[in-house]
Amino acid sequence: MKDPLLLENQICFKIYTAEREITKLYRSLLEEIGVTYPQYLSLLVLWEEQTISVKDLGKKLFLDSGTLTPMLKRMEANGLVERKRSKEDERSVVISLTERGRDLKEKAKCVPNRLLERLEMDGEELKQLDQTLTTILDRLQN
């Protein structure tokens, strides 16, 4: 029987290490378009939603407002997003893309494929990994 306390037998360590290495790959790819990884994730949501509250963005990205607010302020200073108080609820801040933020989508289109090239994964491997990670996340969140 495997020793459950050997580092090599820790699935959490493999996930942690893979996440760090993938984030490093993203960092080099995203430097070319001038955004950080968390900013990229926020842009992915905004390219899909166009406008979203900080609260809802935080839920989608599993980030609290204390983490999001400074990042969104930097994105606003860089001309990527606009932050406004909601007209329906003054306590809520709504984020929307600027023209520059929308235009950045075209530059970012190459990022997923370049990452996959670096990972040397085929479509079936990627599909299996996606299914496994989705299952893990679903179980952890319930």
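Just wondering, is there one or more residues in region 109-123 that are touching a Gly at 6+ places or on another chain (Cβ under 8 Å), among the small types (Gly, Ala, Ser) and part of a helix (DSSP H, G or I)?
no
Go through region 72-103 and report how many residues are without any contact (Cβ under 8 Å) to a residue 24 or more places away in the chain, in a loop (DSSP other than H, G, I, E, B) and of a type in the set (Gly, Ala, Ser).
Residues meeting the conditions: 1.
Here's the yes/no breakdown for (1) exposed (fewer than 11 other Cβ atoms within 10 Å of the Cβ); (2) closer than 29 Å to residue 79 by Cα; (3) in the same structural domain as residue 89 (by TED's automatic domain parsing); (4) at pLDDT below 95:
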site	(1), (2), (3), (4)
6	yes, no, no, yes
12	yes, no, no, yes
25	no, yes, no, yes
49	no, yes, yes, yes
53	no, yes, yes, yes
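One residue is enough: does region 104-119 have a residue meeting the conditions loosely packed, with under 15 Cβ neighbours inside 10 Å, without any contact (Cβ under 8 Å) to a residue 60 or more places away in the chain and in contact with a strand residue (DSSP E or B) (Cβ under 7 Å, 6 or more places away or on another chain)?
No, region 104-119 contains no residue that is loosely packed, with under 15 Cβ neighbours inside 10 Å, without any contact (Cβ under 8 Å) to a residue 60 or more places away in the chain and in contact with a strand residue (DSSP E or B) (Cβ under 7 Å, 6 or more places away or on another chain).
Pairs only if they're at least six apart or on different chains, beta carbon under 6 angstrom, first in region 30-48 and over 18 Å from residue 64 (Cα atoms), second of a type in the set (Ser, Thr, Tyr) and assigned to a helix (DSSP H, G or I); list them, first residue then second.
Once the first residue is over 18 Å from residue 64 (Cα atoms) and sits in region 30-48, its partners that are of a type in the set (Ser, Thr, Tyr) and assigned to a helix (DSSP H, G or I) give 30/40.
If I ask for residues that are assigned to a helix (DSSP H, G or I), within 25 Å of residue 82 (Cβ to Cβ) and under 13 Å from the mean Cα position of the chain (by Cα), which ones from region 27-46 would you list? Reasoning before the result, please.
So the first thing to find is which residues in region 27-46 are assigned to a helix (DSSP H, G or I), and the list is 27-31, 37-46.
Still in the list and also within 25 Å of residue 82 (Cβ to Cβ): 30-31, 37-46.
If the condition is that a residue be assigned to a helix (DSSP H, G or I), within 25 Å of residue 82 (Cβ to Cβ) and under 13 Å from the mean Cα position of the chain (by Cα), then 30, 37, 38, 39, 40, 41, 42, 43, 44, 45, 46 are the ones that fit.
Checking the structure you have, find out if any residue of region 72-81 is at pLDDT 95 or above, among the small types (Gly, Ala, Ser) and surrounded by 15 or more Cβ atoms within 10 Å (Cβ to Cβ).
Checked region 72-81: no residue is at pLDDT 95 or above, among the small types (Gly, Ala, Ser) and surrounded by 15 or more Cβ atoms within 10 Å (Cβ to Cβ).
Quick check on region 5-14. Is at least one of its residues over 30 Å from residue 91 (Cβ atoms), over 13 Å from the mean Cα position of the chain (by Cα), of a type in the set (A, V, I, L, M) and part of a helix (DSSP H, G or I)?
For region 5-14, residues over 30 Å from residue 91 (Cβ atoms), over 13 Å from the mean Cα position of the chain (by Cα), of a type in the set (A, V, I, L, M) and part of a helix (DSSP H, G or I): present.
The values are calculated or read from the model by the stated rules, or taken from the named source; none is laboratory data. No experiment lies behind these values; they were computed from the predicted model shown. All Cβ positions, even for glycine, are placed from backbone atoms using ideal geometry, and neighbour counts span all protein chains on display.
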